[in-house]
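Undergrad: Quick one: the structure is below, and I'll ask about it shortly.
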Amino acid sequence: MSRTVSIATLGCKTNQFESAALEERLRSSGYRIVPFEEGADLVLVNTCTVTAATDSQSRNLIRRARRLNAEARVMVTGCYAQVDPEALRAIPGVAVVLGNEEKKDFLRYLQELGQDEVGRPPVAVSDIRQSAEASPLPISSFAERSRAFVQIQNGCDAFCSYCIIPYARGRSRSVPPEQVLAQLRRLAEGGYPEAVLTGIHIGGYGADLSPKTSLLELAGCIEAETAIPRLRLGSVEPTEIPDRLIEAVASSKILCPHFHIPLQAGSDSVLARMNRHYDTAFFRDLVLRISKSLPDAAIGLDVIAGFPGETEEEFSETLALVGALPVTHLHVFPYSSRPGTPAADMPGQVPGDVAKSRAARLRAMGEEKNRAFAERYVGQILEVVVEKGEGGVLRSGLTRNYLTVKFPGGEGQAGRLAEVLIEACGPEGLRGRLVLNR
């Protein structure tokens with residue numbers, strides 16, 4: 001019987017991409033992937049360390065893995081492993097702790113599993129701030145996914161006051177364009193209808209390369225030199241969305257009209273405490289320019305509620321700004337302190353229940369905006385990437401402008417482009433009927 005392995009992933013799309021690559025390499029090495037709850041022989045926990053809460057979730061996953069299978073070997077990697085490997089090594093059941101740079105060599109570490117000279121699990125974590133190159137894990141397929149993810153960049157130089165990621169992922173490092181293009185060509189040949197460009201700080205793409213390039217230039221090369229039908233950009237900082245990028249999305253045949261932009265707060269005083277390098281006037285102008293050039297674009301914002309010192313007046317400023325902007329959805333996070341960041345030591349820490357209440361108000365606003373945006377498309381035919389089935393009856397598809405559509409469909413459609421007539425918009429989103437398979 002083949003060895004079993006389960007992978008538990010916390011955090012961002014970069015971690016999700018890397019877990020998919022780890023899974024592919026495990027399959028090719030003879031492991032059988034099983035659900036976490038089955039109690040696998042090997043459990044790989046790819047951790048997140050954005051907040052103290054995610055650190056706790058990572059520790060809990062390790063303990064659960066051992067409860068499910070007392071003989072399980074637990075390999076821990078990811079951002080929490082990078083910044084505090086000793087805390088993880090101390091948990092019973094941990095077999096090895098790997099940093100983010102060492103992640104790519106995890107199969108070698110598996111073969112060499114043992115204990116150090118004093119009987120503790122080995123730790124392999126280098127100083128990631130010294131890493132000068134991005135080395136994405138190779139991947140050729142995405143299990144159970146119709147869309148592919150392509151890592152074009154890693155690390156961040158921004159040092160926002162609430163964020164530990166520059167210490168967990170290192171400085172900003174870009175994947176050379178030729179490697180990105182080669183990956184996209186393979187994905188296009190594999191029949192993927194859409195690719196998503198991901199990274200920690202993709203708006204800074206290319207600034208560290210020689211010669212320098214940019215996200216805009218990379219997108220142009222992808223359109224000119226690959227056959228990928230749809231290309232979606234991951235999160236881009238507001239200061240890194242020039243008019244030329246907006247114009248490129250508006251005129252492109254493959255770039256999806258979808259902008260994911262971290263706002264974080266709609267109050268200038270809070271933005272200053274966050275060490276964000278723009279003000280609300282700049283952000284308002286940016287969103288209005290995108291909406292004017294691309295009236296059908298999805299514009300999603302990240303917002304943090306309850307940042308240290310946030311008063312009711314400052315929160316009201318965030319509500320007012322978000323309410324006035326033509327955005328289509330929100331990703332809302334109640335602030336959670338991360339030890340080791342400047343924000344963790346700021347005065348005026350907002351009580352957790354207050355932060356959660358504010359986050360709930362923002363989420364309600366986001367849901368209303370998304371509902372209004374979706375209702376505009378009732379009666380229209382939209383192109384979707386068919387993603388999955390529900391009980392063998394309903395299919396789910398994603399439009400170019402990031403709306404989810406559910407519709408009855410037959411088997412074998414996942415991973416294909418289709419055209420769907422939108423017939424209704426309800427509490428669960430858009431519903432429609434298939435009119436054309438491609």
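Undergrad: Within 10 Å of each candidate Cβ there may be at most 10 other Cβ atoms; applying that plus a DSSP loop requirement, which chymotrypsin sites (Phe, Trp or Tyr not before Pro) in region 331-386 survive?
TA: Qualifying residues, ordered by number: none.
Undergrad: Can I ask one more? On a full-extension model of 0.36 nm per residue, what is the gain between R185 and R129, subtracting their alpha-carbon distance, rounded to one decimal in nm?
TA: Numbers: separation 56, 0.36 × 56 = 20.16 nm, distance 3.12 nm.
The R185-R129 span can extend by a further 17.0 nm.
Undergrad: Need the list of lysines near K406 for cross-linking: C-alpha distance under 16 angstrom, and skip anything on the same chain fewer than eight residues off.
TA: Filter leaves K388.
Undergrad: If we count other beta carbons within 10 Å of each Cβ, what is the order of C256, C221, fewest first? If you can, show how the numbers build up before the last one.
TA: Numbers: C256 21, C221 16.
Fewest to most other Cβ atoms nearby, the residues stand as C221, C256.
Undergrad: Here's a follow-up. Restricted to Cα positions, what overall size does region 147-375 have along the principal axes? Three whole-Å values, descending.
TA: 52, 42, 29
Undergrad: Continuing with the same structure: Using a 7 Å offset from the Cα along the Cα-to-Cβ direction at both R284 and E178, what is the distance between the two label points in nm, to one decimal?
TA: 4.8
Undergrad: Based on alpha-carbon positions alone, could you give the equivalent ellipsoid semi-axes of region 4-126 from the gyration tensor, as √(5λ), descending, whole Å?
TA: Whole-Å semi-axes of the equivalent ellipsoid: 18, 17, 15.
Undergrad: Would you mind checking which residues have amide H under 5 Å from Q264's amide H? H placed 1.01 Å from N; only 5 or more apart, or other chain.
TA: The list, which skips near neighbours in sequence, is D302, V303, I304.
Undergrad: Can you tell me what share of the DSSP beta bridges in the chain is antiparallel? A percent to the nearest 5 is fine.
TA: Of all bridge pairs located within the chain, approximately 40 percent are antiparallel.
Undergrad: Here's a follow-up. In nanometres, what is the gap between the two model label sites at L394 and A53, each 7 Å from Cα along Cα-to-Cβ?
TA: Roughly 2.7 nm, to one decimal.
Undergrad: Region 243-300: which trypsin sites (Lys or Arg not before Pro) are DSSP loop and have at most 10 other beta-carbon atoms within 10 angstrom? Present the calculation step by step, with values, prior to reporting the outcome.
TA: Details: sites: R244, K253, R273, R276, R284, R289, K292; in loops: K253, R276.
Of the trypsin sites (Lys or Arg not before Pro), the ones in loops of region 243-300 whose Cβ has at most 10 other Cβ atoms within 10 Å are K253.
Undergrad: Okay, next question. Figure the gain on full extension for A424 and F159 (residue separation times 0.36 nm, minus the Cα-Cα span) and round it to one decimal in nm. Before the final figure, lay out the partial values.
TA: Numbers: separation 265, 0.36 × 265 = 95.40 nm, distance 4.42 nm.
So the chain would gain 91.0 nm between A424 and F159.
Undergrad: I'd like the isolated cysteines in the chain, meaning no second cysteine's beta-carbon lies under 4.7 angstrom from theirs.
TA: Among the cysteines of the chain, those whose Cβ sits 4.7 Å or more from every other are C12, C48, C79, C156, C221, C256, C425.
Undergrad: Over region 381-437, what is the percentage of antiparallel beta bridges among all DSSP beta bridges, to the nearest 5? Don't jump to the answer; show the numbers that get you there.
TA: On the way: 24 of 26 bridges.
Approximately 90 percent, going by the DSSP bridge assignments.
Undergrad: Once label points are set 7 Å from the Cα along Cα→Cβ at both T404 and E86, what is their separation, rounded to one decimal in nm?
TA: About 4.3 nm, to one decimal.
Undergrad: Could you work out how much longer the chain between R25 and C221 gets when fully extended? Use 0.36 nm per residue separation minus the Cα distance between them, nm to one decimal. Show your work: numbers first, answer last.
TA: Working: separation 196, 0.36 × 196 = 70.56 nm, distance 2.89 nm.
Working it through step by step, the gained length comes to 67.7 nm.
Undergrad: Thinking of the chain as a set of Cα atoms, what percent of all their pairs are more than 40 Å apart?
TA: Distances greater than 40 Å cover 19 percent of the Cα pairs.
Undergrad: Here's another thing I want to ask about it. Take the Cα of E368, step 7 Å along the line toward its Cβ, and report every residue of region 314-335 whose backbone nitrogen sits under 16 Å from that point.
TA: 316-330
Undergrad: Right, another one. Nearest-5 percent of antiparallel DSSP beta bridges in region 147-375?
TA: Approximately 10 percent, going by the DSSP bridge assignments.
Undergrad: Okay, moving on. Taking the highest mean first, how do the peptides 350-358, 320-328 order by number of other beta carbon atoms within 10 angstrom per residue?
TA: Ranking, from highest mean packing down: 320-328, 350-358.
No value in this document is a laboratory result; all are computed from the given coordinates. All of these numbers come straight from a predicted model, not from anything done at the bench. In this analysis, Cβ positions are derived from the backbone assuming ideal geometry, glycine residues included, and neighbour counts consider all displayed protein chains.
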